[in-house]
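As structure tokens, the structure follows; a few thoughts come after it.
The values are calculated or read from the model by the stated rules, or taken from the named source; none is laboratory data. These figures come from a predicted structure and were not determined experimentally. Counting neighbours? That spans all protein chains shown, and the Cβs are built from the backbone with ideal geometry, glycine included. These area figures cover heavy atoms from the full protein model, side chains too; ligands, DNA and RNA do not enter into them. Shrake-Rupley method; radii C 1.70, N 1.55, O 1.52, S 1.80 Å.
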Amino acid sequence: MNNRRDQLIETIWHGLDPFAGFPTTIYQVDKQGWNNTHHYLTEAIDTPDLLVIEIGVWKGGSTIAMANRMREQGFGGVVLSVDTWLGSVEHWVQPEWTPHLGLAHGYPSIQRKFMANVIDSGLEQFVVPLPTDSINASEIAKHYALQADIIHIDAGHDYASVMADLRAWWPVLRSGGLYIGDDYHDEGIHWPGVYEAHNDFFAELGLSGLEFIGGKCRIRKP
């Protein structure tokens, strides 16, 4: 019994568990990803019954890392995993990235790999997928008055997308909750849009103390 997860299944999925009856023998397990086991993610799972919302999930590496930490610690809690699973700009404009989409008859198959990966890890009782875009997902969260304990954003990499995600999801993070952002590097050496959007957003709020290391940043909401 995982009350946090059960509540999300009842509200968002109207009682229909998306993992129920998933054909595990059909879809390939493929846990390829980036920066999935960063210590910011695992350190954040420090108390029972957390609601973690992750925006930008890909094949589930960081979802699995956080959900596995919940299981290891004997905690309840749930990761609400938000993604369109249609790929980012880079997957469509950089030919070397396109094969990762797993295109089948003109449609990506990443979501099926995500589901297979979570089940292969035995973590489906700690995970709830939400297959929609970031902005719509934030409106769904607000509609159901969800207040996240942790929000991890690893979605778009351009300035406008990152700023939109921050503005949409910051109100969903409870006071005292932890925000974690991905692809934040000193001086924006890899993803300048991510770096600049984070700096501008928190400057607008008058917040300092954004920590960063190894490509991720974090800050606790006052």
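Quick rundown of the values:
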item: Tally of residues being at pLDDT 95 or above, open to solvent by 70 Å² or more (accessible area, probe 1.4 Å) and either under 23 Å from Val52 (Cβ atoms) or aliphatic (A, V, I, L, M) (or both) across segment 172-202; result: 2
item: Residue list for segment 94-108, restricted to those being part of a loop (DSSP other than H, G, I, E, B) and farther than 30 Å from His190 by Cβ; result: His105, Gly106
item: Selection status of Ser175, in contact with a Lys or Arg (Cβ under 8 Å, 6 or more places away or on another chain) and of a type in the set (Ser, Thr, Tyr); result: yes
item: Only one of Ala137, Ala145, Ala141 that is open to solvent by 40 Å² or more (accessible area, probe 1.4 Å), at pLDDT 95 or above and hydrophobic (A, V, I, L, M, F, W, C); result: Ala145
item: Matching residues in segment 65-93 - criterion: being touching a residue at least 24 places away in the same chain (Cβ under 8 Å), in a helix (DSSP H, G or I) and open to solvent by 10 Å² or more (accessible area, probe 1.4 Å); result: Ala65, Asn68, Arg69, Arg71, Val89, Glu90
item: Lone qualifier among Asp154, Asp158, Asp183 - being of a type in the set (D, E, K, R) and at positive phi; result: Asp183
item: Any hit, segment 94-107, residues being touching a Leu at 6+ places or on another chain (Cβ under 9 Å) and either of a type in the set (Gly, Ala, Ser) or open to solvent by 40 Å² or more (accessible area, probe 1.4 Å) (or both); result: yes
item: Only listed residue being modelled with pLDDT of 95 or more, open to solvent by 20 Å² or more (accessible area, probe 1.4 Å) and within 20 Å of the chain's Cα centre (by Cα), chosen from Asp6, Asp30; result: Asp6
item: Which listed residue is more than 14 Å from the chain's Cα centre (by Cα) and free of Cβ contacts under 8 Å to residues at least 40 places away in the same chain, from Lys113, Lys142; result: Lys142
item: Candidate set: segment 47-64, residues that are under 14 Å from the mean Cα position of the chain (by Cα) and surrounded by fewer than 22 Cβ atoms within 10 Å (Cβ to Cβ); chosen: the one nearest to Tyr159 (Cα to Cα); result: Gly56
item: Flag if Ile26 is in a helix (DSSP H, G or I) and either farther than 12 Å from Asn117 by Cα or of a type in the set (A, V, I, L, M, F, W, C) (or both); result: no
item: Filtered residue count, segment 66-89, keeping only those that are more than 17 Å from Ser134 (Cα to Cα) and either among the charged types (D, E, K, R) or over 11 Å from the mean Cα position of the chain (by Cα) (or both); result: 12
item: Check on Met163, within 17 Å of the chain's Cα centre (by Cα) and farther than 22 Å from Val79 by Cβ; result: yes
item: Flag for Gly206 being modelled with pLDDT of 95 or more and buried (at least 17 other Cβ atoms within 10 Å of the Cβ); result: no
